[in-house]
Amino acid sequence: MKLVIAVVQDQDVNKLLARLADEGFGATKLASTGGFLRQGNTTVLVGVEPDQVQRVTEAVKETCQTRKQLVTPMAAVGRSINSYLPEPIEVSVGGATIFVLNVEDFAKV
Ligand code: 2BA
């Protein structure tokens, strides 16, 4: 068995979960926070047989969009705040960050 872990944007998660349910996949949604933007995102766990991984990753690709976001970097520690003029930078977030892991054991009791 494999575990697909997809970090997706909150705006896309309902569409993704509906698609996974339509295709008969079980999924778990966890609230998560991106380490860079420190903003909420969603982590979706899907346990599947190896030959189903591609269907899950396709579902993620087809339901999750890339979006641009402006971020204002924080002043560096030790740098005078008076000389710091924050320049927003644009980052491209998503569609999704996908990990596929081998599952050693799986049980429902
Ligand atoms: P965040 O960590 O909040 O990152 C949001 C976006 O900021 C990233 O989009 C990327 O475009 C940019 N970014 C991240 N780290 C950066 C850095 N050190 N310098 C400049 N720009 C940076 P994505 O790459 O699409 O990632 C979306 C979310 O997926 C991430 O949110 C994080 O929650 C997760 N993620 C991405 N790569 C990961 C990894 N290797 N391990 C675990 N989670 C990851």
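So for the pair Ile5, Asp22, with labels modelled 7 Å out along Cα→Cβ, what separation do we get in nm?
Simple spin-label model gives 2.8 nm for this pair.
Roughly speaking, what is the stretch gain from Glu49 to Val91, that is 0.36 nm per residue apart minus the C-alpha to C-alpha distance, in nm to one decimal?
Computed gain between Glu49 and Val91 is 11.7 nm.
Which value at 222 nm does the chain reach when only helices count, each DSSP H run of 4 or more adding -39,500 (n - 2.57), with the total divided by all residues and rounded to the nearest 500 deg cm²/dmol?
Calculated mean residue ellipticity at 222 nm is -7000 deg cm²/dmol.
Choose one of Leu16, Ile89, Gly34: the residue whose Cα lies farthest towards the positive end of the charge dipole of the chain (beta-carbon charges +1 Lys, Arg; -1 Asp, Glu; about the Cα centre).
Ile89
What is the range 17-70 by shape, rounded, prolate or oblate, if you read a ≥ b ≥ c off the alpha carbon gyration tensor as root eigenvalues and call it rounded for a/c under 1.5, prolate for a/b larger than b/c, and oblate otherwise?
prolate
To the nearest 20 Debye, how big is the dipole of the chain about its Cα centre, given +1 on the beta carbon of each Lys and Arg and -1 on that of each Asp and Glu?
So the dipole magnitude of the chain works out to roughly 360 debye.
Semi-axes of the equivalent ellipsoid of the chain: what are they in whole Å, largest first, if each equals the square root of 5 times a C-alpha gyration tensor eigenvalue?
36, 15, 11
Chymotrypsin sites (Phe, Trp or Tyr not before Pro) within the chain: which are DSSP loop residues with at most 13 other Cβ atoms inside 10 Å?
In loop regions of the chain (DSSP not H, G, I, E or B), the sparsely surrounded chymotrypsin sites (Phe, Trp or Tyr not before Pro) are Phe36, Tyr84, Phe106.
By how many degrees, 0 to 90 and rounded to 10, does the Cα axis of helix 53-63 deviate from the longest principal axis of the chain?
50
Mark the label point 7 Å from the Cα of Met74 along Cα→Cβ and return the residues of the range 8-45 whose backbone N is within less than 19 Å of it.
Residues 33-41 fall inside that zone.
Helix 10-22 sits at what angle to the longest principal axis of the chain, using alpha carbons and giving 0 to 90 degrees rounded to 10?
It is inclined by approximately 10 degrees.
All of the numbers you see were taken from the coordinates with simple rules; none came from a lab. Since the structure is predicted, the reported quantities are computational estimates derived from the model, not experimental observations. With ideal geometry, Cβ positions are generated from the backbone for all residues, glycine too; neighbour counts draw on all protein chains shown.
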